[in-house]
Amino acid sequence: MTQIFDNPADFADEALDGFVAANRGYVARVDGGVVRSTEMTPGQVALVIGGGSGHYPAFAGLVGPGLAAASACGNMFASPAAGQVYRVAKAANAGGGVLLSYGNYAGDVLHFGQAQLRLNAEGIETRTVLVTDDIASAPLDQIEKRRGIAGDLTVFKVAGAAAEAGLNLDEVERLAIKTNHRTRSLGVAFDGCTLPGASEPLFSVPEGQMSLGLGIHGEPGISEHPMPTASELAELLVARLLEDKPDEAGDRVVAIVNGLGTVKYDELFLLFGKVEKLLDKAGLTVVEPECGELVTSLDMSGLSLTLLWLDDEIEQYWAAPADTPAFRKGNLTPRARRELAGPEDAVAEETEKATAASADLGRLAAAVLAQVRDVVVEHEEELGNLDAIAGDGDHGIGMRRGVDAAATAGEQNAAAGASVERVLTAAGEAWSERAGGTSGALWGSAVIAAGIALGNRDSYRAEDAAAAVDAFSSAITALGKAEPGDKTMVDALLPFQDAFRKEHDGGATLSGALAAAAAAATEAARRTADLRPLKGRARPLAEKSLGHPDPGAVSFGLITERIARYIQSEPATSDLASSDMAAAAGNGAKND
């Protein structure tokens with residue numbers, strides 16, 4: 001049990017502050033995580049890793065020369081928000097592009113993906129390599145669905161070494177993908193872990209039993225087995241991993257025995273000795289192994305075995321020097337400390353003087369966000385009840401938290417005269433960080449994308465509104481990967497986009513196009529009652545969902561209807577197809 005804290009809610013932030021205080025020669029604190037405090041070569045690829053807190057040495061402990069340039073750090077076992085990832089990656093960028101790498105978990109995929117979209121839109125070339133090493137989480141023919149556990153280290157180390165060697169983004173990405181493909185892990189737990197402030201562990205293992213195939217976020221294993229001897233455990237782990245080895249596997253492997261929190265080093269060494277003998281018996285040569293705590297889960301009693309099958313190229317980068325707070329290999333020339341911009345400098349850098357037209361449109365955007373907040377508040381309980389039929393019932397409250405934060409951020413930035421791009425970017429960041437979860441990531445991403453599409457221009461016309469709708473839609477479909485018929489918000493979003501484009505291309509006013517599109521979205525949301533969910537948390541309870549519309553589609557329809565009515569009620573916005581959009585929008589916002 002975690003016992004040292006003041007307020008459990010502040011545990012992750014205060015632990016990270018203390019980590020930085022103890023390791024200032026390696027890392028510096030930035031909003032959302034840590035970055036290297038030593039100089040990087042101009043033009044070097046920045047490897048940005050991350051995930052929830054509670055896994056030290058992963059992820060902040062792996063930041064330094066020869067490994068990661070930065071780490072985004074979320075709350076306990078929770079993905080960092082998209083805004084945090086974005087700010088950390090911006091601080092880490094050295095001009096060679098950014099490679100994001102992290103374990104394959106839904107929240108991380110959404111939030112890191114949202115940050116990637118924003119970074120690319122700003123001209124910082126950004127790629128992603130997911131770590132999928134956990135053989136217990138999906139069969140080999142569905143390797144892309146596997147989780148990332150202790151195999152994070154092999155992917156991060158090879159990619160970080162390649163970046164340090166000066167390879168370009170294409171090559172660093174290729175090596176990270178190749179390493180992930182050659183990495184396999186399997187873990188066991190003897191007891192669960194307990195979050196700060198909690199009185200009970202997230203799961204328990206019956207006495208005399210062992211849980212096989214655990215996750216690193218307090219997820220129990222996929223099966224329970226009688227507690228084995230050390231030799232039996234080594235045989236189980238090695239046999240399962242060798243059965244799953246990649247097709248092109250050679251005879252040289254990195255072996256990593258990883259402790260998850262309370263299994264101590266003497267026990268890990270004992271097990272490693274038995275593992276090495278089994279690998280040798282199988283005709284494998286163990287190269288530069290690791291044995292210790294590398295990816296933990298607070299105070300979980302458990303461990304994992306990872307194997308990385310080497311080739312000459314990967315071995316070169318695995319063996320290359322690295323110098324971080326928690327992982328050191330070989331020798332590197334000491335690096336000079338670099339000056340990092342403080343929070344005030346970062347704010348000044350992001351603040352571009354708004355044009356009059358963009359500031360006017362920003363005020364309209366803030367007024368629209370206030371309308372969105374009102375309709376979500378009005379229907380919060382209804383949306384929660386609908387979500388509870390086949391989900392966890394938090395859609396209403398999650399939307400409420402997100403839109404409250406977004407509307408407040410929009411109002412503050414609009415009052416300061418910010419551009420529509422800044423107003424919507426701030427609103428999207430706030431939505432993502434406050435709401436959390438899938439809907440928070442999707443809505444935050446979409447609002448930011450719309451803001452970037454509108455930009456900070458001297459004038460606006462109706463085509464800019466259509467471009468914003470397209471950007472909003474593309475952000476959600478690209479990030480969420482849902483398709484029509486999956487029973488998600490996309491089933492209402494795409495009919496909205498199609499109807500808006502049809503009306504716009506036919507010469508309709510903005511208000512007319514919005515009204516037609518909102519009607520199409522609402523009708524499409526109603527029809528989701530006939531669908532079985534193929535994505536999201538409702539999927540396992542598909543039968544219960546039949547006969548009830550998807551809450552995400554319903555909330556989207558309600559929001560678009562309210563926006564359409566608001567725009568229609570503002571005379572100055574009624575004919576944007578033939579007049580200057582910025583002037584009309586500005587007058588409309590002032591009349592609000």
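A short reminder: the numbers here are calculations on the coordinates, not readings from a lab. None of the values given here were measured: they were computed from a predicted structure. Every residue, glycine among them, receives a Cβ derived from its backbone with ideal geometry; neighbour counts consider all protein chains shown.
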| According to the Kirkwood expression over distinct Cα-Cα pairs, how big is the hydrodynamic radius of the stretch 78-161, in Å? | 13.4 Å
| Once the Cα atoms of helix 169-181 and of the chain are each reduced to a long axis, what angle between those two axes, in degrees from 0 to 90 to the nearest 10, is obtained? | 60 degrees
| Mean residue ellipticity (222 nm) of the chain, computed from DSSP H runs ≥ 4 via -39,500 (n - 2.57), nearest 500 | -16000 deg cm²/dmol
| request: For T128, list long-range residues whose amide hydrogen, built 1.01 Å from N in the peptide plane, is under 5 Å from its own amide hydrogen. | output: L100
| On Cα atoms only, tilt of 106-121 relative to the major axis of the chain in degrees | 60 degrees
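Just list whichever of K145/K487; K145/K281; K245/K274; K145/K264; K145/K277; K157/K487 have alpha carbons separated by over 29 Å in the model shown. Show your work: numbers first, answer last.
Numbers: K145/K487 20 Å; K145/K281 31 Å; K245/K274 19 Å; K145/K264 31 Å; K145/K277 31 Å; K157/K487 39 Å.
From the list (K145/K487; K145/K281; K245/K274; K145/K264; K145/K277; K157/K487), the Cα-Cα distance tops 29 Å for K145/K281; K145/K264; K145/K277; K157/K487.
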| said: Below 8 Å, C-alpha to C-alpha, sequence gap of six or more: please give me the relative contact order for the chain in percent. | reply: 12 percent
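Need one number: % antiparallel among DSSP beta bridges in the stretch 8-329, to the nearest 5. Don't skip to the answer; put the middle values down first.
Working: 30 of 53 bridges.
Among the beta bridges of the stretch 8-329, antiparallel pairing accounts for roughly 55 percent.
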| said: Below 8 Å between Cα atoms, with a sequence gap of 6+, how large is the relative contact order for the stretch 369-472 in percent? | reply: 21 percent
| Other-chain or far-sequence residues with amide H under 5 Å of N75's (modelled H) | S53
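Which length gain, in nm to one decimal place, applies between V287 and E378 when the Cα-Cα distance is subtracted from 0.36 nm times their residue separation? Can you show the working numbers first?
Details: separation 91, 0.36 × 91 = 32.76 nm, distance 6.16 nm.
Difference between extended and current length: 26.6 nm.
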| task | Could you work out the relative contact order of the stretch 8-329, using alpha carbon pairs under 8 angstrom and six or more residues apart, expressed as a whole percent? | result | 18 percent
| field | Percent of beta bridges antiparallel (DSSP, the chain, rounded to nearest 5) | value | 55 percent
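Treat the count of other C-beta atoms within 10 Å as a stand-in for reagent exposure and order I124, I567 from fewest to most. Before the final figure, lay out the partial values.
Working: I124 17, I567 26.
Going from least to most buried by this count: I124, I567.
Show me the GluC sites (Glu not before Pro) within the stretch 161-266 that DSSP assigns to loop and that have at most 14 other Cβ atoms within 10 Å of their Cβ. Spell out each step's value before the answer.
Numbers: sites: E164, E171, E173, E207, E224, E232, E235, E243, E248; in loops: E207, E248.
Sparse-neighbourhood loop GluC sites (Glu not before Pro): E207, E248.
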| Fewest first, what order do I452, I222 take by the number of other Cβ atoms within 10 Å? | I222, I452
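Please order I563, I149 by the number of other Cβ within 10 Å, starting at the fewest. Walk me through the numbers on the way to the answer.
Details: I563 19, I149 33.
Ascending Cβ contact count within 10 Å gives the list I563, I149.
Starting from 0.36 nm per residue, how many nanometres of slack lie between E248 and E207 once their C-alpha separation is accounted for? If you can, show how the numbers build up before the last one.
Numbers: separation 41, 0.36 × 41 = 14.76 nm, distance 4.07 nm.
Going from the current span to full extension adds 10.7 nm.
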| 5 angstrom amide H check on D550, placed H, neighbours 5+ away | T528, A529
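Could you please report the charge total around A553, scoring K, R as +1 and D, E as -1 over all other residues with beta-carbon less than 11 angstrom from its beta-carbon? Walk me through the intermediate numbers first.
On the way: positive: K487, R526, R527; negative: D486, D491, E523, D550.
Its environment carries a net charge of -1.
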| task | Treating the angle as unsigned and between 0 and 90°, give the value, to the nearest 10°, between the Cα long axis of helix 82-92 and the longest Cα principal axis of the chain. | result | 70 degrees
| request: Please identify which residues in the stretch 31-55 have an amide N closer than 12 Å to a label point set 7 Å out from the Cα of D170, following the Cα→Cβ vector. | output: none
